[in-house]
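Visitor: Submitted below is the structure of interest, expressed as structure tokens.
The values are calculated or read from the model by the stated rules, or taken from the named source; none is laboratory data. What you are looking at is a predicted structure, and each value in this text was computed from that prediction instead of being measured. Neighbour counts run over all protein chains shown; Cβ positions are idealised from the backbone, glycine included.
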Amino acid sequence: MNFSDPFGLCPIEKDGVPCKLYVTAYGAAHGASLSALQVSARHGLYDLAQRSGHDLGVNATTNGTHDDPRHNGVSNCCPERDDPNKAGLAVDIGEVDHHVVGTAEASSGVADVQQTGLDTPGVMAVIDPNGYWLAPSQGKPKQVQNDPATVRQHGTHMHVDFW
Ligand SMILES: [Zn+2]
């Protein structure tokens, strides 16, 4: 019995139960769709769940307005960064194992997903309540970004960019 994981004993190596990707209630109310992701991002997000050993709840894929054009090709802050080819390469994870990111219940899961993201070559950037990490180019290690304003905007979700 594992009380920390009442929805199944993922990852798959434990007992054949894969970690799940799901759209949160917030995401459902705001039009989030996993099928809107590019294939590389969908695979990367699935890998992040399996390798970290946590179910991941998604608040946003291409829905909503964002500064990062990797959500839907449009940058809310910086129109010069608009690029429709980048749409579907970012997700906002609002829950880890059905706990809201930013709460004490979610903190160890967020730390696991964050570290897995930093170790995963297909992940370009991670921004969460603990900080902001960005790879300067594909295949290079992620580097800590000194950008407290951006970190403050991510108190209740993890933003993950994929190549
Ligand atoms: Zn985001």
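Visitor: Looking for something closer than 26 Å to S35 by Cβ and surrounded by 22 or more Cβ atoms within 10 Å (Cβ to Cβ) - is there at least one such residue anywhere in the stretch 128-147?
Guide: Yes, there is a match, as at least one residue in the stretch 128-147 is closer than 26 Å to S35 by Cβ and surrounded by 22 or more Cβ atoms within 10 Å (Cβ to Cβ).
Visitor: If you take the residues of the stretch 33-44 that are touching a helix residue (DSSP H, G or I) at 6+ places or on another chain (Cβ under 8 Å) and hydrophobic (A, V, I, L, M, F, W, C), which of them is surrounded by the most Cβ atoms within 10 Å (Cβ to Cβ)?
Guide: L37
Okay, residues lined up against (1) modelled with pLDDT of 95 or more; (2) under 18 Å from H157 (Cβ atoms); (3) in contact with a Cys (Cβ under 7 Å, 6 or more places away or on another chain); (4) assigned to a helix (DSSP H, G or I):
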{"position": "F3", "(1), (2), (3), (4)": "no, no, no, no"}
{"position": "A32", "(1), (2), (3), (4)": "yes, yes, no, no"}
{"position": "S35", "(1), (2), (3), (4)": "yes, no, no, yes"}
{"position": "H66", "(1), (2), (3), (4)": "yes, yes, no, no"}
{"position": "N85", "(1), (2), (3), (4)": "yes, no, no, yes"}
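Visitor: Run G73 past the list (1) within 14 Å of the ligand (Cβ to nearest atom); (2) at negative phi and report the number of the one that doesn't hold.
Guide: That leaves (2) as the condition not met.
Visitor: Please name all residue pairs, on different chains or six or more residues apart, with Cβ atoms under 8 Å, provided the first residue is in the stretch 137-163 and is more than 12 Å from D92 (Cα to Cα) and in contact (Cβ under 8 Å) with a residue 24 or more places away in the chain and the second residue is away from the ligand (no atom under 11 Å from the Cβ) and among the β-branched types (V, I, T).
Guide: Note: pairs meeting the criteria are K142/V123; W163/V123.
Visitor: OK, next. Residues in the stretch 119-163 that are in a helix (DSSP H, G or I) and either within 16 Å of the ligand (Cβ to nearest atom) or within 24 Å of G27 (Cβ to Cβ) (or both): how many?
Guide: 4
Visitor: Which number in (1) within 10 Å of the chain's Cα centre (by Cα); (2) assigned to a helix (DSSP H, G or I) marks the one condition that R51 misses?
Guide: So R51 meets the others, but not (1).
Visitor: Report whether or not A106 is over 12 Å from the mean Cα position of the chain (by Cα) and either modelled with pLDDT of 95 or more or at positive phi (or both).
Guide: Values: over 12 Å from the mean Cα position of the chain (by Cα): yes; either modelled with pLDDT of 95 or more or at positive phi (or both): yes.
Yes, satisfied.
Visitor: A follow-up question, please. Select from the stretch 103-128 the residues that are touching a helix residue (DSSP H, G or I) at 6+ places or on another chain (Cβ under 7 Å) and under 16 Å from D161 (Cα atoms) and list them in ascending order. Lay out the reasoning, then the answer.
Guide: Here is the first cut: in the stretch 103-128, the residues touching a helix residue (DSSP H, G or I) at 6+ places or on another chain (Cβ under 7 Å) are 112-113, 116-117, 120, 122-123, 126-128.
If the condition is that a residue be touching a helix residue (DSSP H, G or I) at 6+ places or on another chain (Cβ under 7 Å) and under 16 Å from D161 (Cα atoms), then V113, T116, G117, T120, G122, V123, V126, I127, D128 are the ones that fit.
Visitor: Go through (1) more than 16 Å from the ligand (Cβ to nearest atom); (2) surrounded by 15 or more Cβ atoms within 10 Å (Cβ to Cβ) one by one and return the number of the condition A104 breaks.
Guide: Answer for A104: the failing condition is (2).
Visitor: When you scan the stretch 60-67, do you find a residue that is under 15 Å from G117 (Cα atoms) and surrounded by fewer than 21 Cβ atoms within 10 Å (Cβ to Cβ), even just one?
Guide: no
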